[in-house]
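Scroll down for the structure; my scribbles are underneath it.
The values are calculated or read from the model by the stated rules, or taken from the named source; none is laboratory data. If you're wondering where the values come from, they're calculated on a predicted model, not measured in any experiment. Cβ placement follows ideal geometry from the backbone for every residue including glycine, while neighbour counts extend to all protein chains displayed.
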Amino acid sequence: MNDLDPVVHEPVRLRVLMLLSGVESGDFDFIATALRLTDGNLSWHAGKLEGAGYVEVRKSFQGRKPHTEYSLTEAGRRALEGYWEALDGIRALAGQDGR
Amino acid sequence: MSNPSDNDSVLDRQRLKAIPVWARRYAQNRTLGVIVQLGAFVVAWLGFAGLPFLANVAFARGVWVGGVGALVVLLGLMVGWLWFWLGGWRRVVPPVTGRLYGREGAVSVGLGTGGPSVGWGPAVVLGVGVVGEAILLAVGVLPIWLMQPVSTIYVIPFFAWLLLGGQRPVSPFLLLWPVLYAAHAGLVIAGVPMQFGGPLAVLNIGLPIVGYGIIAALAGHVYSRYALRRLQAAAEAPKEGSPNGGGRR
C-alpha cells in the first residue's frame, strides 16, 4: 500500500501546493493572503517544500524590498498527484475492510 | 503509515480541490491594470485631440511660443504613445497594477488556452479603420450618427485580438467590453438618441470604448474580490496539526 508523503500530508503544506498548482507562480504575500498564514508559519512550511524540491523559490529585490516568488516544480506536481492517489487507495481499502 | 483519518477530519477534500480553481479565477480577474491602460489611452486621446487645437488657437492669436510649445508636446506625446504600444506598457502597467494589489501580493496565471497569436492584423485594421472613417466623415459620406456603429467593423476585431490573441488567459469579464460596444451600436441603429454632435463627435467612439472598458474591468475586479473570499474559505487553515499552528495574519 502507498504511504502518504509526510511532506505533502501536512495541512498547511498541502494547501500551499494546491494553491500553487492553480497558478504559474505566486509571491510570499499572495500565498500568505490566500491561505491567511502568518509570515513565520509560511516561511517554515515553504522551507520544507523547497527542501523537498516541491517548490521552486526565486528571490529578488523590488527596489530595496526583498521579493520571494514560488512556483510548483514538476516533482511537486507529481507528489501532489501521488498524494491524492494514495489517499484514494487508502480510502478504498478502508471501505473494503468495513464491509 | 500516516493516518488518513486525521486528514478526513481536518481537510475537506472538496474544499481543497477548489483551491487551485479559485486561485486561478482570482488571479485571472485582477483587472485593474486594464483601467490603468485605459487611463493612458485617455491621456493620449485628449492630447492628440486637444494639443493641435491649442496650437491652432495660439498661432491664430500670434502666440508663436505657445503654438510651437503645443506642437513639441504633441510630438513628445506621439513618441511616448508609440513607445507605450510597442512594449513600454510592460514597464508601466504591471508595476502600477502591482501597487494596486500590493497587499495581496503578486500572482501570475499560467499559459492558458488563448490560442496562437493572430499577429498585428487587427491593429492594422484598427489604424486603417480610424483613418478611413475619419475621411468618410470629413467628406460627408458617413453621417455622424453612424460613427459608432460603423466603427464596430474595426473596433470589435481589435478587441478580440487584444483579449484573445495573447498567450495568457484574460478575465472573461473583459469580454463584456466588445459585447457592450456592439450592443451600444445596436441601440444607436435602433434610434436611441445617444450621440454627441459638433466638436464632441469624437466622444461617440471614445466614450463607449473607455466607458465599457472601465465597466468590464470593474466587473472583473469585483469578481476577483469574490474569488479571493472563496479561495480563503476553501483554504481555511486548520487550527491545529501544524508544527507552528495555523496562525492567522
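Name the single residue that is farthest from B:Leu176 (Cα to Cα) among those in segment B:231-249 being surrounded by 18 or more Cβ atoms within 10 Å (Cβ to Cβ) and at pLDDT 85 or above. So the residue we want is B:Ala235. Counting just the residues of segment A:65-90 that are without any contact (Cβ under 8 Å) to a residue 24 or more places away in the chain and within 19 Å of B:Ile19 (Cβ to Cβ), which one comes out farthest from the other protein chains (Cβ to nearest Cβ)? By that ranking, first place goes to A:Arg78.
For first residues located in segment B:25-39 and over 20 Å from A:Glu24 (Cα atoms), partners that are surrounded by fewer than 20 Cβ atoms within 10 Å (Cβ to Cβ) and lie 6+ apart or on another chain with Cβ distances below 7 Å form the pairs B:Ile35/B:Ile214; B:Val36/B:Val93; B:Val36/B:Val96; B:Val36/B:Thr97; B:Gln37/B:Trp89; B:Gln37/B:Val93; B:Leu38/B:Val210; B:Leu38/B:Ile214. Pull up segment A:12-52, narrow it to residues that are under 16 Å from A:Ala86 (Cβ atoms) and without any contact (Cβ under 8 Å) to a residue 60 or more places away in the chain, then point me to the one that is nearest to the chain's Cα centre (by Cα). Step by step, filter segment A:12-52, then rank; the result is A:Arg13. Checking each residue in segment A:29-46 for being surrounded by fewer than 23 Cβ atoms within 10 Å (Cβ to Cβ) and within 7 Å of chain B (Cβ to nearest Cβ) picks out A:Asp29, A:Ala32, A:Thr33, A:Arg36, A:Thr38, A:Gly40, A:Asn41, A:Trp44. Is there a residue in segment A:76-94 that is modelled with pLDDT of 95 or more, in contact with a helix residue (DSSP H, G or I) (Cβ under 8 Å, 6 or more places away or on another chain) and among the β-branched types (Val, Ile, Thr)? Taking every residue of segment A:76-94 in turn, none turns out to be modelled with pLDDT of 95 or more, in contact with a helix residue (DSSP H, G or I) (Cβ under 8 Å, 6 or more places away or on another chain) and among the β-branched types (Val, Ile, Thr). With respect to B:Val63, is the statement that it is more than 25 Å from B:Pro172 (Cβ to Cβ), more than 19 Å from the chain's Cα centre (by Cα) and modelled with pLDDT of 85 or more true? Yes: the conditions hold for B:Val63.
Provide a single number: the residues in segment B:47-72 that are among the β-branched types (Val, Ile, Thr) and either outside any helix (DSSP H, G or I) or closer than 24 Å to B:Ala201 by Cα (or both). Steps first, please.
Residues of segment B:47-72 that are among the β-branched types (Val, Ile, Thr), as a first pass: B:57, B:63, B:65, B:68, B:72.
Filter again for either outside any helix (DSSP H, G or I) or closer than 24 Å to B:Ala201 by Cα (or both), leaving B:57, B:63.
Going through segment B:47-72 one residue at a time, the tally reaches 2.
Residues that are facing another protein chain (nearest Cβ under 7 Å) and surrounded by 24 or more Cβ atoms within 10 Å (Cβ to Cβ) do not occur anywhere in segment A:1-11. Checking each residue of segment A:35-56 against the condition of being more than 21 Å from B:Ala233 (Cβ to Cβ) and in contact with an Asp or Glu (Cβ under 7 Å, 6 or more places away or on another chain) gives no match.
Considering segment B:70-113 alone, what residues qualify as being aliphatic (A, V, I, L, M), over 20 Å from A:Leu19 (Cα atoms) and without any contact (Cβ under 8 Å) to a residue 60 or more places away in the chain?
As a first pass, look at segment B:70-113 and keep what is aliphatic (A, V, I, L, M): B:70-75, B:77-79, B:82, B:86, B:92-93, B:96, B:100, B:106-107, B:109, B:111.
This time we only want the ones that are over 20 Å from A:Leu19 (Cα atoms), so: B:70-75, B:77-79, B:82, B:86, B:92-93, B:96, B:100.
Listed by number, the residues that qualify are B:Ala70, B:Leu71, B:Val72, B:Val73, B:Leu74, B:Leu75, B:Leu77, B:Met78, B:Val79, B:Leu82, B:Leu86, B:Val92.
The single condition from (1) at the interface with chain B (Cβ under 10 Å from one of its Cβ atoms); (2) closer than 27 Å to B:Arg229 by Cα that A:Gln62 fails is (2).
Evaluate segment A:15-27: report whether one residue or more is at positive phi and facing chain B (nearest Cβ under 8 Å). If you could, list the steps in order and put the result at the bottom.
Restricting attention to segment A:15-27, the residues satisfying the condition of being at positive phi are none.
No: segment A:15-27 contains no residue that is at positive phi and facing chain B (nearest Cβ under 8 Å).
Taking segment B:75-111, which residues are in a loop (DSSP other than H, G, I, E, B) and either at pLDDT below 75 or exposed (fewer than 14 other Cβ atoms within 10 Å of the Cβ) (or both)? Don't jump to the end; show me each part of the working.
First, the residues of segment B:75-111 that are in a loop (DSSP other than H, G, I, E, B): B:101, B:105-106, B:109-111.
Selection gives B:Gly110, B:Leu111.
For segment B:38-64, the tally of residues that are touching a helix residue (DSSP H, G or I) at 6+ places or on another chain (Cβ under 8 Å) and over 26 Å from B:Leu200 (Cβ atoms) stands at 1.
So which residues in segment A:85-99 are surrounded by fewer than 17 Cβ atoms within 10 Å (Cβ to Cβ) and under 22 Å from the mean Cα position of the chain (by Cα), if there are any at all?
Step one: list which residues in segment A:85-99 are surrounded by fewer than 17 Cβ atoms within 10 Å (Cβ to Cβ), which gives A:85, A:88-89, A:91-99.
Passing the criteria: A:Glu85, A:Asp88, A:Gly89, A:Arg91.
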